[in-house]
Amino acid sequence: MDEHYLYHPEKGAKRMHVWHTRDKGHKVSRNRIERLYYRVMGLRAVLPGRHTSKRNKDHKTYPYLLRNLEITRANQVWATDITYIPMEKGICTLWR
């Protein structure tokens, strides 16, 4: 399971259970996989948790100001991409 995690760090305990039962043919409960995966081995999936795209209804919603704008020249509209990379101690932020 540890070696499989090295090649597929995005898999959590549920998908690791599917891998063990369906692909490897082992008869093992999901509770055992979760215990080994989280508590014994200390592994975590490298993906955000569930419901990360749900909006907070208390936050203000801003209008999209470029909807009817025809972009005809360079430097008329600017954009920024912020990428977060999970690291061992926190995150690394890349600005492009």
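The values are calculated or read from the model by the stated rules, or taken from the named source; none is laboratory data. Just so you know, these numbers come straight off a predicted model, no measurement behind them. Quick reminder, even Gly has a Cβ in these numbers, built from the backbone with ideal geometry, and neighbours come from all protein chains shown.
Among the residues of the range 16-43, those identified as surrounded by 13 or more Cβ atoms within 10 Å (Cβ to Cβ) and either touching a residue at least 12 places away in the same chain (Cβ under 8 Å) or aromatic (Phe, Trp, Tyr) (or both) are Met16, His17, Trp19, His20, Arg30, Ile33, Glu34, Leu36, Tyr37, Tyr38, Leu43.
Looking only at the range 11-33, residues that are in a loop (DSSP other than H, G, I, E, B), at negative phi and at pLDDT 85 or above come to 5 in all. Within the range 44-76, the residues that satisfy the criterion of being surrounded by 12 or more Cβ atoms within 10 Å (Cβ to Cβ) and without any contact (Cβ under 8 Å) to a residue 40 or more places away in the chain are Arg44, Ala45, Leu47. Looking at the range 84-94, is at least one residue within 16 Å of Lys11 (Cβ to Cβ) and of a type outside the set (S, T, N, Q)? Checked against the condition, which is being within 16 Å of Lys11 (Cβ to Cβ) and of a type outside the set (S, T, N, Q), the range 84-94 yields at least one hit. Looking at Leu47, Leu66, Leu36, Leu43, just one residue is in contact with a helix residue (DSSP H, G or I) (Cβ under 9 Å, 6 or more places away or on another chain) and in a loop (DSSP other than H, G, I, E, B), and that residue is Leu43.
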